[in-house]
Amino acid sequence: MIQYVLESLVFQLIFLLTYDLFLKKETFFQWNRIYLIGTFTLSLILPWIRIEALQALVPNELIVYPSFLWQLDEITVYSKNNNESFFESISWEHMVFGIGMLVMYCWFSIKLFQILRLKHKGDVHYHKDYTKIVVPKSGTAFSFFRNIFLGQDIKQDKQQQIIAHELVHVRQLHTIDLIFFELMRIIFWFNPLVYVYQSKASELHEFIADSEVSKGNKKEQYQLLLSDVFRTQNISFVNQFFKKSLIKKRIVMLQKEKSGKIYRLKYLLLLPVTVSMLLYTSCENEKGRIDSSIRKEKNESFLVVDDLNNMSESEKNIQQRLTDELIQLKSPQTLMVEDGSNSVKLYIDKGEIKKVEVQKNSVEDKKAGSKINGDPTPFNIVDKVPIFPGCENAEDQKSCFMEKIREHITTNFEYPEKAEEMGIQGNVNVLFTITREGQVTGIRMRGPHELLEEETHRIISKLPQMQPGKHQGRIVEVPFSIPIKFEL
C-alpha cells in the first residue's frame, strides 16, 4: 500500500509539473480541464497496471524505494487474542488514516450544511436554467450546481453580468469537477497534491467562464473584475466570482491572445510521460525477485535461487554480497542456498568459510513423496504455472495462484498456543514442490522455532491438488517458495 501511495504521488507531481511548464499559459481551457481530471485519475490507475510486453529486469541501483518498503511475496499472519478489543486490533497507521478521513468527511458535511443554510436564509427565485438565491446582508457571489447565490449588497447593474458568468459554470457542470476533488481530499487527505489539483481546476473554471462572457464585451468584464472585491465563502467546492487570489490571473488571461492550434501538439507530451510510467510499473527488479527470497534468523541466512547448477549473474552477486556481509560478523554464521531440490550450506567463522556442505534430494524429500525425474522448472520461468483450483479461467494465472496461496494460508492459519505463550514470532521460509501429478510434496522449512515450522507444514500440507505446470510443451515439476511472517 505504501508503494502504491508513493507511486501515485510521484505520478501526480510529474503530471502537475508538465502542466505548469507547458500547458498552463495556453488558452485551451477545455483541454486543460480534461488534462487535470484525466491525469489525476491516471495517477490512481497506473500503479496497478502491469504490461508483460514492457517488463524488464531493473538493477538494484535504480530502485528508488528503500528496502524496508519492499515485502514482496511475504505473508504476515497474526496471533488472535479473543480478549482483544476492536480498537486494539487496528494498527496505529490504519487508525490515523481513518481519523483523517473522518475529520475531512465532517468538514465536507459542514460546508454542505453552510450552503443549505444560505439557501434557507435567502430569497429563492426559480428560473428555467438556474435557481437564483438572494442572500440578505451579503456581498457574496458563487454557484453550486444549478444554484446561483448573489448577495443583496451587490449592485443591480452588476448582477446580470455575474449571473451570465455563473451560468457558464452551471451549463458546463463545473461543480462536478470540484466535488470529485473534494471526495479525493477525503480519501487522500494526507496528499497535498490533491489540494493543488482542486485549486488549478477552480482557476480553470474561472478562465473558461470569463472567456465565454467576454466574447461580447471585454471592457465590461475588466471593469467588473477591477471593482470592489466582495466577501467570499470559505467553501472549496463552489465557483466563487469574487475571489481575490484569482482576480489578477483572470485579468491576465483575458488579455492573452488565443493560442494557435499548433500549440495543441504540446498535449502529445502526455504520451511519452504515460509510457514511461507504464514501463516503470511493469518492470521487475532484482531486489523484488531475489531479495524477497532472503531471510535472516539469528546466525542463519537463507537464500532461494532458481537453479543452483545454473545461477544467474544477479543471483551470484546476491550470494557474494551475503557471504561478504556474514564474513564481517564476529559470531559464527551459516548461509543456506537452495533451489527447491538441492542445497549448499556454508559455515562461516572468524572471517572465512570453514566448511561447505552439498545436499542433493534429501531422504526427507523422498519420504514426503517427491518424485523428481529430471530438473524441476523454477516458478519464475515456467511457461505455464500450476493452476490452483478456481484459477482455471483467470486471465493472469500466476497472480491468481499467488492470491489463492495467500488466501489458503490466512484462512487455515492458527497461531500455535505454546508459541504465543512463549512469545515466539518471526519468519518461516517454506519450500515445496508441485509434482507432475499436481501434488504438493517435499515440504521444507526454516524458521526461528519448531512450533512455527510445524504450523507452516500443517498449512502447506493442506494445499489442494492442482493442475501441474507446463514448460516447453511438457508437464514439469515446479518448486515454489514463500516466506510466512508470524507476528504476535
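We did not get these values from a lab; they are worked out from the coordinates using the rules stated. Everything quoted here is computed from the prediction, not taken from an experiment. With ideal geometry, Cβ positions are generated from the backbone for all residues, glycine too; neighbour counts draw on all protein chains shown.
Worth a mention:
- Dipole check for the range 361-488: with +1 at the C-beta of Lys and Arg, -1 at the C-beta of Asp and Glu, and the Cα centre as origin, the magnitude is about 560 Debye.
- Cβ-based net charge around residue 327, under 10 Å, with every Lys or Arg adding one and every Asp or Glu removing one: -3
- Ranked 261, 266, criterion: other C-beta atoms within 10 Å, fewest first: 261, 266
- Across the range 361-488, Cα pairs under 8 Å and at least six residues apart give a relative contact order of 36 percent.
- Nonlocal Lys pairs with alpha-carbon distance under 24 Å, the range 361-488 (8 or more apart, or different chains): 21
- Ranking of 175, 456, 131 by count of other Cβ atoms within 10 Å, fewest first: 131, 175, 456
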